[in-house]
Amino acid sequence: MNPEESLKFSYYPGCSVATTAAESNHSLMQVCRLLGLDLQELEDWNCCGSSSAYSVDPELGFNLSARNLSLAPGDRPLLVMCPRCLHHLRHTHLEMQQDPRKRRAQERRWGRPISPDLEIVHFLEALIRFGLDRLKKGAARNLNGLKFVPYYGCTLFRPPALRRQKYYQAEVENILTALGGVAVTRTYNQRCCGSFLSAVKPELVTSLVNDIIGSAVAAGADCLVTTCAMCQLNLEVRCTAAKRLPIFHFSEILALALGAKDCQGWFIRHLVNPRPLLKDRGLLGPPRLGQVP
Amino acid sequence: MNSQPMPAKTTEVINISELDHHFATEVDRRSQADLKRCYQCRTCGNGCPFVEAMDYPPYGVIRLVQFGMRQKALECATIWVCVSCHTCSSQCPNSIDIAAIMDTLRSMALEERAVIGNKEILAFHLEVLHSIERYGRTHKLGIMLRHKLLTGQWFKDVDVGLRMLTKRKLDLVASKVRAMDEINRLFLPYWRVKPR
Ligand code: SF4
Ligand code: SF4
């Protein structure tokens, strides 16, 4: 496989990235354009089932995920941004790999083939394949020592059913430190954000989120960077602490470093205004070339 | 940090003749979680971020299953509060898939029409399913509005809803799958949950 071919992906946005967190979708698109990654959105994708389908009817969740897999071309990896969607799609695919009867039943149901060899990867994997050195060369600005907490939440944990799959712990640090950021890791950066309980039991999630943000403040961080749109939302709307920190989606910070032009537009949509921080660090305004390490 | 609740009613009398001796095997087969390996070290109760909102800590639920206390296990709130974050299983020395056990118990509770341990959480899930049924995708604004109206919680949380709206976090137009017949098919023979 030549290197260019290996950077072709089909892309599953998932509901929160496509709507509630549109800014992470835009920034992801910018990143891919700037890096020359070829992303093809899955034609007519549907919800992966979200926590709710798996909570009340796992079979429905399985069918919903299987439909998405039946839409994915077998000749290129499927790239997923949301860690929860990634988990559901992988789990469904693994079950069909282990039991070809389940796969054939789904192929019959949708009238489309499902490749047993389909590779399902997180966005971080695309960057790893692209290469840290090339990424550094392509950067338009240095992150100027921006102190960030790489917040993984729970979803990049290994659920026992997927313990043999590839995970991306520490990749957020690797990438953003290479671009000039400073990682602050001694925090509650793997504590769950509260997931759907944010809608049903806000008080509970508020105390959890305040603990997480409080630990980041105590460790001297400027901001938190997450790979999950749901985490980003919960950390933003449920925090009641006096000192709050801006929460970025990983792709926003990456797009900023790569010199995307429309960052301002996304930052307006944040509930905790990140612009004073970015201005302070000299990260707003047009990038000055040649300041990359 | 979290304080673990004491296992509920430790002095309770267990009537051996009422225990369901097949329950553990059944849950184990459906969840493939290897729950018989659990030796009650209680690590999962320390790690779980939501243990305060549960009536039994995670290991307590596993104990109920191991003992065959079917009704108690299916009717507890814990199985609904669990968000499948896998914090517990990543710390469990026996690598037991605790979230899968919770998933299984939830499905069984619905199938057997057990009393639902937390109706509000189930109502939220059904709202999300409703959105998937109509659009093939989840429509956050619709879910929030309907959920808040249904549970009469609207005023309690109206602040967050407005803040999200003004920042356009919640889109006003639902995005929809085109081949809706494919989605509809999944819901056709579908049991409708009427929680007790
Ligand atoms: S951590 Fe594992 S072995 Fe220990 S009580 Fe929990 S489930 Fe049982
Ligand atoms: S998976 Fe469920 S029981 Fe385990 S830590 Fe998370 S919420 Fe608690």
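What follows is calculated from the coordinates using simple rules that are stated; it is not laboratory data. Values in this document were obtained by computation on a predicted structure and should not be read as measured data. When we count neighbours, we look across all protein chains shown, and the Cβ atoms used for this are built from the backbone with ideal geometry, even at glycine.
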### Task
Treating each Cα of the stretch B:16-111 as an identical point scatterer and ignoring solvent, apply the Debye formula and state log10 I(q)/I(0) at q = 0.18 Å⁻¹.
-0.72
### Query
Taking the highest mean first, how do the peptides A:200-210, B:58-68 order by number of other beta carbon atoms within 10 angstrom per residue?
B:58-68, A:200-210
### Task
Return the average number of partner chain Cβ atoms within 10 angstrom of each residue Cβ along peptide A:58-66.
3
### Summary
Per 10 angstrom bin, beginning at 0 and ending with the bin that holds the maximum distance, the Cα pairs of the stretch A:5-123 fall in percents of 14, 47, 31, 8, 0
### Task
Grab every C-alpha pair in the stretch A:210-290, bin the distances at 5 angstrom width from 0 up to the longest one, and report whole percents.
3, 14, 26, 27, 17, 9, 4, 1, 0
### Task
Mind checking the stretch B:68-135 for GluC sites (Glu not before Pro) that DSSP puts in a loop (not H, G, I, E or B) and that have at most 13 other Cβ atoms within 10 Å?
B:Glu112
### Task
Could you tell me which Cys residues in chain A have no other cysteine's Cβ under 4.7 Å from their own Cβ, answering none if every one has a partner?
A:Cys15, A:Cys32, A:Cys47, A:Cys223, A:Cys239, A:Cys263
### Task
Collect residues whose amide H, placed 1.01 Å from N in the peptide plane, falls under 5 Å from the amide H of A:Glu41; neighbours closer than 5 in sequence don't count.
A:Tyr11
#### Entry: Tail fraction, Cα-Cα pairs, the stretch A:182-246, threshold 14 Å, whole percent
50 percent
### Task
Mind checking which of A:Leu235, A:Val184, A:Gln165 is farthest towards the positive end of the stretch A:135-280's charge dipole, using Cβ charges of +1 (Lys, Arg) and -1 (Asp, Glu) about the Cα centre?
A:Gln165
### Task
Find the centroid of the Cα atoms in the stretch B:10-68 and in the stretch A:108-145, then give the distance between the two in whole Å.
40 Å
### Message
Return the Rg/Rh ratio of the stretch A:135-280 with Cα-based radii and a Kirkwood Rh.
### Response
0.96
### Task
Would you tell me the mean number of C-beta atoms belonging to other protein chains that fall within 10 Å of each C-beta in A:232-241, as a whole number?
2
### Query
Over the Cα atoms of chain A, what Rg and Dmax result, in angstrom?
19.1, 58
### Query
Which of A:Lys102/B:Lys36; A:Lys136/A:Lys261; A:Lys136/A:Lys279; A:Lys147/A:Lys279; A:Lys147/A:Lys261; A:Lys147/A:Lys243 have a Cα-Cα distance over 20 Å?
A:Lys102/B:Lys36; A:Lys136/A:Lys279; A:Lys147/A:Lys261
### Task
Could you work out the mean count of beta carbons from other protein chains within 10 Å of each residue's beta carbon in A:197-206?
6
#### Entry: Rg to Rh quotient for the stretch A:39-194, alpha carbon positions, Kirkwood Rh
1.02
### Query
Taking the alpha-carbon set of the stretch A:66-147, what are its Rg and Dmax in Å?
17.0, 54
